[in-house]
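Take a look at the structure set out below.
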Amino acid sequence: MSLLVLMPVLTLLFAAILTPLVTALGKAVGFEKARDLFSIGAFAATLYYVFKLDLLVKASEEGFAVYHLEAYGPPFGVTYFVDSLSVYMAYVYVGVGLMVAVYSLRYMEKDSGLDKYYALLLAMVAGMIGVAFAGDFFNLFIFWETMSLSAYVLVAFRKHRWEPIEASFKYLVMSTFGSLLFLYAMSFLYGITGTLNFEALAQGLQEAGPSTLTMFFLVTMIVCGFGVTASVVPFHTWLPDAHPAAPASISAMLSGVVIKVGVYAIYRVLFVAFTPLVFDFGTVLMLFGILTMTVANIMALLQRDIKRLLAYSSIVNIGYILTGAGIGAYALTHYYSTAPEIALVVAGLAIMGALFHVFNHAVGKGLLFLCSGCFIHEAKTRDLAELEGIGKKMPWTGASFSVGLLTLAGVPPLSGFWSKLFIILAGFNMAKDPFMVGVTIAVVVNSVFAAAYYLWVMQRVMFRKPKTRAEGAREAPGTMVLPIVLLAAACVVVGIWPDLVIQLADSAAHALIGG
C-alpha cells in the first residue's frame, strides 16, 4: 500500500526534529518567527496529507488502507491501518493543532525556549495521529507514549512557577498508572491469542473463547487504562490541575484533542477486539459515562477559576461521548439477534452522534480555552469574579467565547445541538427498555444542568459591568483573534450546514462497527 499512510506522522516528526535547526537559522538571519511559521506550515502540510489519505480510503474497495513495515507483517509485525474513523480523528487533531500554532505566534512570544515548545507540539500531534493509525497494540503503545511524554513537558513548560511542575508531575504519575493498566491488558491478550494485531486479536479471542469474567476484567482494565488520559471519572483529577497550570494554547490541545485520543483508543480496542455481538461492554461504557458527566457537572459549579471550570466541562463532555458509544454497543448486544435492522440503525445513530460530538467538543472547547487565554493575557487573572464584563472590552473574543459556550450548551442552530440530539434520539429509540430510558434521561438532565452554568458564565463575562482588571483590557492581537474567530465560525457554519461533518462521522461510525 502507498507510503501516503505514513506521511501525516512522518511530516510532523521530521518537522519536530528540524525545529531547533530552523530556530538557529532564523536567529542567524534575524527572523526568529521563522520557527513559528515553519510549525504552521508543517501542520498545513499534514492536513493536506490527511485529505489525500481520506480520498485514498474512500476510493479503495475495502474502505481502508493498510501498510506493513517490510518483512514485518501480521500477526507479529508493525501495522498501520487507516479507515474512515482514523482519518476523521486525524482531521480533528491536525485542525486544532493548526489553530493552536497560529494562536501561539503572539501568545507565546514572551516565553523562552520556543524551539522546544513547537517541537513538542508537533511531536504530540504526531503521536495522536500515530495512535489513530495504529493497527496493532505495539504500534499504538509507542505512539501513545510519544504523545504523553510531549504533553507532560508542555504542561510544565512555564517551569519557573511551581504550579506547572506540580500539575505535570501529577499528570505523569496518573498517566503512567493508566499506561501500565492497559499494558497489562495487552500482555494478557497476547497470552490468550499470541498476537497484538487488532484484526488477528479479534479472531483469536473468538477462537479461544475466554470466560465472561476474564473478558469483563480485560474490558475494565482497558477502559480504566485509557480512561486516565480520557479523564473518565474517577481517573480525572489530573485534568483540572493541568489546565490552569499549562499555557492556554496547551489547555486547548489537552481538552480539545488529547483526551479524545483516550476515547478513540477505548472505541477502537473494544469494538474491534471484543465486538459488542459477543460481549456487553456497552453497559460498562454507559455507567462510566453517566458517572463522569454527573460528577463533573457538580464540580464545575464550585469553580471560580475559569480554566478549572472549563476543565470540568471537558470531563462532562467525555461523559456524553462515552455514553453515546455505550448506547450503540448496547443496541448491538441486546437487539441484533432479534431485530438486526433496528439495532444497526440505533447503533449507527448513537455512535455517529458520539463521534460528531468529538468534533464539536474539540472545536468548541479549543475555542473556549483560546478565548480564556486572551482574557487572562489582558486581565492577568483567571478569577471569574475579576473577569466580569471583560467581553465588552474585547468584543471579538467575547462574541467568540459566547458562541463556544452556546455550542457546548447545545443551543440550536449551533453544531453542539445536533450531536447531543442524535445521542438522545438513539437512546429513546429503545424506549421499551427501562435501563435505556434511565440512561437517556440522565443524559438530558446533565445536558440541561451544563447549559445552565454555561449561560451563567456567559452572563458574567458578557453582560455585567466590567471590574477593575477587566476595565483596562483591550482586544487581543490579531493572530490570537484569528483562530478564535475561525473556530467560532466553524461552530455556526457546521450548525447550519452539518451535512459534511455528519457524513464524515457516519462513515467513521460504520467503519467502527464493521461497515
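The values are calculated or read from the model by the stated rules, or taken from the named source; none is laboratory data. Please read all numbers here as calculations on a predicted model, not as lab measurements. Cβ placement follows ideal geometry from the backbone for every residue including glycine, while neighbour counts extend to all protein chains displayed.
Matching residues to (1) closer than 28 Å to Met89 by Cα; (2) surrounded by fewer than 24 Cβ atoms within 10 Å (Cβ to Cβ); (3) within 19 Å of the chain's Cα centre (by Cα):
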residue	(1), (2), (3)
Phe356	yes, no, yes
Lys380	no, yes, no
Ser402	yes, yes, no
Thr407	yes, no, yes
Phe417	yes, yes, yes
Ile424	yes, yes, no
Met430	no, yes, no
Val437	no, yes, no
Val445	no, yes, no
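In the range 222-253, what residues are without any contact (Cβ under 8 Å) to a residue 60 or more places away in the chain, surrounded by 21 or more Cβ atoms within 10 Å (Cβ to Cβ) and of a type in the set (A, V, I, L, M, F, W, C)? If the condition is that a residue be without any contact (Cβ under 8 Å) to a residue 60 or more places away in the chain, surrounded by 21 or more Cβ atoms within 10 Å (Cβ to Cβ) and of a type in the set (A, V, I, L, M, F, W, C), then Ile222, Phe226, Val228 are the ones that fit. In the range 455-482, the residues that are within 21 Å of Ala385 (Cβ to Cβ) and modelled with pLDDT under 85 reach residues that are of a type in the set (Ser, Thr, Tyr) and part of a loop (DSSP other than H, G, I, E, B) with C-beta atoms within less than 6 angstrom, at least six apart or across chains, in these pairs: Arg469/Thr381.
Return the only residue of Tyr117, Tyr67, Tyr107, Tyr103 being closer than 30 Å to Phe271 by Cβ and among the aromatic types (Phe, Trp, Tyr).
Working: Tyr117 fails: closer than 30 Å to Phe271 by Cβ; Tyr107 fails: closer than 30 Å to Phe271 by Cβ; Tyr103 fails: closer than 30 Å to Phe271 by Cβ.
Answer to the check: Tyr67.
Residues checked against (1) in contact with a strand residue (DSSP E or B) (Cβ under 9 Å, 6 or more places away or on another chain); (2) outside any loop (DSSP other than H, G, I, E, B); (3) under 19 Å from Val501 (Cα atoms); (4) of a type outside the set (Gly, Ala, Ser):
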position: Met286; (1), (2), (3), (4): no, yes, no, yes
position: Thr294; (1), (2), (3), (4): no, yes, no, yes
position: Gly326; (1), (2), (3), (4): no, yes, no, no
position: Thr338; (1), (2), (3), (4): no, no, no, yes
position: Val345; (1), (2), (3), (4): no, yes, yes, yes
position: Gly348; (1), (2), (3), (4): no, yes, yes, no
position: Ser372; (1), (2), (3), (4): no, yes, no, no
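Listed conditions (1) in contact with a Cys (Cβ under 8 Å, 6 or more places away or on another chain); (2) part of a loop (DSSP other than H, G, I, E, B) are all met by Val363, apart from (2). Could you check how many residues of the range 464-497 are more than 15 Å from Phe401 (Cα to Cα), within 22 Å of the chain's Cα centre (by Cα) and surrounded by fewer than 19 Cβ atoms within 10 Å (Cβ to Cβ)? Of the residues in that region, 1 qualify. For first residues located in the range 491-515 and within 19 Å of Gly282 (Cβ to Cβ) and touching a residue at least 40 places away in the same chain (Cβ under 8 Å), partners that are crowded, with 21+ Cβ neighbours inside 10 Å and of a type in the set (S, T, N, Q) and lie 6+ apart or on another chain with Cβ distances below 7 Å form the pairs Ala508/Ser84; Ala511/Ser84.
Please enumerate the residues belonging to the range 227-279 that are more than 15 Å from the chain's Cα centre (by Cα) and part of a loop (DSSP other than H, G, I, E, B).
Looking only at the range 227-279, we keep the residues that are more than 15 Å from the chain's Cα centre (by Cα), and these are 233-235, 237-238, 240-242, 244-248, 269-279.
Those that are more than 15 Å from the chain's Cα centre (by Cα) and part of a loop (DSSP other than H, G, I, E, B): Val233, Pro234, Phe235, Thr237, Ala246, Pro247, Thr275, Pro276, Leu277, Val278, Phe279.
Take Leu56 and tell me if it is over 30 Å from Leu85 (Cα atoms), part of a helix (DSSP H, G or I) and at pLDDT below 95.
On the way: over 30 Å from Leu85 (Cα atoms): no; part of a helix (DSSP H, G or I): yes; at pLDDT below 95: yes.
Criteria not met by Leu56.
Only helices (runs of 4 or more DSSP H) wholly contained in the range 434-515 count here; list those with 2 or more residues that are charged (D, E, K, R) and over 29 Å from Ala325 (Cα atoms).
On the way: elements: 434-463, 468-471, 478-496, 499-512.
Because the criterion is at least 2 residues that are charged (D, E, K, R) and over 29 Å from Ala325 (Cα atoms), the helices (runs of 4 or more DSSP H) in the range 434-515 that meet it are 468-471.
For residues in the range 30-56 being acidic (Asp, Glu) and over 20 Å from the mean Cα position of the chain (by Cα), which is nearest to Gly95 (Cα to Cα)? Only one residue tops the list, namely Asp36.
Do we find a residue being of a type outside the set (Asp, Glu), surrounded by fewer than 24 Cβ atoms within 10 Å (Cβ to Cβ), in contact (Cβ under 8 Å) with a residue 24 or more places away in the chain and within 22 Å of Val437 (Cα to Cα) anywhere in the range 324-331? Before the answer, list the steps.
Narrowing the range 324-331 to residues of a type outside the set (Asp, Glu): 324-331.
From the residues that got through so far, the ones that are surrounded by fewer than 24 Cβ atoms within 10 Å (Cβ to Cβ) too are none.
No - not one qualifying residue is present in the range 324-331.
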